[in-house]
Amino acid sequence: MWAPTSAMTIMAIHLRRWMLVVLLLPLTLCAQPSSNKQPFRLALKTNMLYDVVVAPNIGLETSIVDRWSLALSGTYGWQDGSPWYRNIRIVTGDAELRYWFTGTTMQQGLHAGVYGAVYRYDFLFNGKGEQANANWGTGLSCGYVVSLHHRFSIDFSIGIGYVGGRYKSYEVTDDFYHHNVWTADKMRHYIGPTKAEISLLWHIFGQSTQQKKGGNL
């Protein structure tokens, strides 16, 4: 079974990689000519749906070219001892490329995109569990962003796609949940909703100037 320290180490490695990508993106864009150059935008975000179920998550979204943005996020959840389950442990990371149908990228409006994700999890309900070191998924998304303020927005999104990969099922052999027995190696093939998001965005760079002219601070 997992140890918390190993899961946290994996999550930290992924976050460092994503931060490196985000930091290098502005340098890449400066080297590319554009006939309709948009201001660079960067937002910090968190999915409030995951926060409610005690799965802390954080993400970054940045503009790349006119009407396109790249969103990166990670989730780490570690829960033990509920009346309904023994544990829910999950570490995820995903990347999404978005096209915006409005010119104000990331600030407000309709968007559609394609995303990929990796999942590591251990679920144990009523003495029966499933564990995967690395499942993967991909899909299509759509959503709408509502502007609350020139620095804050809420993103309502949903994604439909495929999740696959190997996982193991196991059973608990004692009342103290200290001994488990592997029962089968399986392949997951799931098609359907794989992503739901009600995210709060904090626009760090490139917030809308139109709203600032209206008198908002």
The set of residues whose placed amide H lies less than 5 Å from the amide H of THR102, leaving out same-chain residues fewer than 5 positions away, is LEU110
With every protein chain in place, what's the accessible area of TRP182 (1.4 Å probe, Å², nearest 10)? 120 Å²
Simple spin-label model, 7 Å along Cα-to-Cβ: TRP68 to ILE160 in nm? 2.5 nm
Would you check the accessible area of THR46, probe 1.4 Å, heavy atoms only, in square angstrom rounded to 10? 40 Å²
Order LEU200, LEU148 by their accessible area, 1.4 angstrom probe, all chains in place, largest first. LEU148, LEU200
Lys and Arg at +1, Asp and Glu at -1: neighbours of SER157 with Cβ under 14 Å from its Cβ sum to -2
From the backbone phi of the stretch 122-132, what are the Karplus-calculated ³J(HN,Hα) couplings (6.51 cos²θ - 1.76 cosθ + 1.60, θ = phi - 60°) in whole Hz, Gly and Pro given as x? 8, 10, 9, 10, 6, x, 10, x, 9, 9, 9
Keeping all protein chains in place, calculate the accessible area per residue for the stretch 95-185 (probe 1.4 angstrom), answer in Å². 51 Å²
How much length, in nm to one decimal, is gained on full extension between VAL114 and TYR144, taken as 0.36 nm per residue of separation minus their Cα-Cα distance? 9.3 nm
Counting only backbone N atoms under 17 Å from a point 7 Å out along Cα-to-Cβ of TRP182, the residues of the stretch 121-136 in range are 121-123, 129-135
How far apart, in nm, are two points set 7 Å out from the Cα along the Cα-to-Cβ line at ASN133 and at THR173? 2.2 nm
How large, in percent, is the carbon and sulfur part of the accessible surface of the stretch 101-156 at a probe radius of 1.4 Å? 70 percent
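The values are calculated or read from the model by the stated rules, or taken from the named source; none is laboratory data. In this text the structure is predicted, and so the values were computed from the model without any measurement. In this analysis, Cβ positions are derived from the backbone assuming ideal geometry, glycine residues included, and neighbour counts consider all displayed protein chains. Side chains included, ligands, DNA and RNA excluded: accessible areas come from the protein's heavy atoms. Shrake-Rupley method; radii C 1.70, N 1.55, O 1.52, S 1.80 Å.
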